[in-house]
Structure formats: structure tokens, C-alpha cells
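Nothing in this text is a laboratory measurement; each read-out follows from the coordinates by a stated rule. A quick note: this is a predicted structure, and the numbers were derived from the prediction, not measured. No Cβ is skipped: glycine too gets one built from the backbone with ideal geometry, and neighbour counts run over all protein chains shown.
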Amino acid sequence: MHAIIETGGKQYRVTPGDVLRVEKILGDVGSQVELAAKAAFSDTGELVPGASVKGTIVGNGRGDKVIVFKFKRKKQYKKTIGHRQSFTEVKVGEISV
């Protein structure tokens, strides 16, 4: 069985046992979270309505630094900034109907 969940403005295809990095979710490491499933499919491929996905927060962290460089030619304008996105690692437990 697999499901499609939406969190942080993105959609993910998950199966039980998957560990995925999503946008920051409030909660401590080891706490349970419930994610609403946009769609869930049985092993035969049939759509299962009204499913939800339960998971456990495995860890929190911040991603690699992304350098943003802004530049306008002939105007002596240069600006460099960095960004590190926060994330939460979630281990998918069960997909309940």
C-alpha cells in the first residue's frame, strides 16, 4: 500500500518504512505525527478513500547552505547572501484507512 501526502507545499509518495525529509514540522524527536493523505492506493492499485498516514519524527536539522548572489551590471551592485532550509525527518509508520 502506498499513499500521496502533502506537507510544506510539496507532495510525496510514501510507503510504510520510508524515511523522508519534509519542511519543518513542530514536534520533538520521537513524537507521533499524523499526515493527511491526498490519495491512498491498495496493493492492487485501487484508490482507497479517507486514508491517513502516521509517522514518527526521527530528527530535525538544517540543509546545506545555498549561496544567493545578486548582481546588476554597470551599477556596481553586488550582494551575496546564504540560506539554510530547516527540515524534519519523518519515518512513515502505517497507512490507515
Based on Cβ point charges of +1 for Lys and Arg and -1 for Asp and Glu, what charge dipole magnitude is obtained for the chain about its Cα centre, in debye rounded to the nearest 20? 1560 debye
Note, ³J(HN,Hα) from phi for region 75-80, Karplus 6.51, -1.76, 1.60, rounded to Hz, x at Gly and Pro: 10, 6, 10, 9, 9, 10
Name the most mobile residue of 21, 13, 84, meaning the one with the largest mean-square fluctuation, in a Gaussian network model of the chain with Cα contacts below 10 Å. 84
Label model pair residue 46, residue 66: point-to-point distance (7 angstrom along the Cα→beta-carbon line) in nm is 4.2 nm
Order 49-60, 28-39 from most to least packed using the mean count of other Cβ atoms within 10 Å. 49-60, 28-39
Given the pairs 70/91; 24/72; 38/79; 10/79, which are separated by over 31 angstrom at their Cα positions? 70/91; 24/72; 38/79
Once fully extended, how much extra length lies between residue 54 and residue 4, figured as 0.36 nm per residue of separation less the alpha-carbon to alpha-carbon distance? 16.7 nm
Volume of the Cα convex hull of region 2-96, divided per residue and given in Å³: 122 Å³
